[in-house]
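In what follows, a structure is listed as structure tokens, so that the remarks can point back to it.
The values are calculated or read from the model by the stated rules, or taken from the named source; none is laboratory data. Worth saying up front: this structure is predicted, and the values here are computed from it rather than measured. Quick reminder, even Gly has a Cβ in these numbers, built from the backbone with ideal geometry, and neighbours come from all protein chains shown.
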Amino acid sequence: MPNILQLLREHIDTNLSSEELLSLLNFALDLEREQFRMVMLPGQFSQVDEYLASYWLMDKAAVDRIMDNYFQVRPQNLAAQLGLGRQEVNVNDLKSLRIVIQNASGDPVATQQLTDLLLTEGFTRVYRSLSWSAKDAENTQPTTQIIVQRGELQGAELVQDALAMGTVVSASIGDLHSDLTIRIGEDWPDFYDQLSKTE
């Protein structure tokens, strides 16, 4: 345990004490894999003219949504005091989330097939990942993942329902500039063939 704590200290910039880090580590060790969710706090990098060093500036309005989605905590009074207000999320808002597609299926036409399908389902901001290199594309994965990049769990579930496939993953391991990243897996070609036969 001391080695793990030392490793955390070396690689995480935090103002948490060693005791607080140890408490978080103990809590995480008691969680089952399916209970564990990692979400990147929505925001953006600071601009050169804002701070001397680079900082991640959180989107205060989006924190309320994450607290509600993952912890069932609704700090409405706090948001109202800060002038943020809580807005009801509707399907049209979810369908306008920025969705980036990464192809890990080994099928070169899968990205275009998925893009067309999402556009047909009414999703309006669908993009091919520009940072997903040819080397990355060689690393296939067995199943399609819908990665919740910025805490948009409802949006990921809407995509999953629209596609009738994919596993929702809350891990912030997708494209940094997306709300959701869909990493197409090797299950796509069979799924798409079946879908084409039913139409």
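So the values come out like this:
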item: Only one of 53, 61, 80 that is modelled with pLDDT under 75 and under 20 Å from residue 180 (Cβ atoms); result: 61
item: Single residue of 174, 106 found to be more than 16 Å from the chain's Cα centre (by Cα) and modelled with pLDDT of 70 or more; result: 106
item: Unique match (being free of Cβ contacts under 8 Å to residues at least 60 places away in the same chain, farther than 21 Å from residue 62 by Cβ and not assigned by TED's automatic domain parsing to the domain that holds residue 60) among 164, 104; result: 164
item: Identity of the residue in the range 5-38, charged (D, E, K, R) and in a loop (DSSP other than H, G, I, E, B), that ends up nearest to residue 56 (Cα to Cα); result: 13
item: Strands (runs of 3 or more DSSP E) (entirely within the range 94-199) containing at least 3 residues that are among the β-branched types (Val, Ile, Thr) and crowded, with 20+ Cβ neighbours inside 10 Å; result: 99-103, 145-148, 180-184
item: Cβ pairs under 8 Å, 6+ apart, first in the range 27-38 and free of Cβ contacts under 8 Å to residues at least 40 places away in the same chain, second in a loop (DSSP other than H, G, I, E, B) and not acidic (Asp, Glu); result: 28/36
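Condition check ((1) closer than 19 Å to residue 92 by Cβ; (2) aliphatic (A, V, I, L, M); (3) in contact with a Ser or Thr (Cβ under 8 Å, 6 or more places away or on another chain)) across all residues:
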| site | (1), (2), (3) |
| --- | --- |
| 108 | no, no, no |
| 113 | no, no, no |
| 117 | yes, yes, no |
| 153 | yes, yes, yes |
| 187 | no, no, yes |
| 193 | no, no, no |
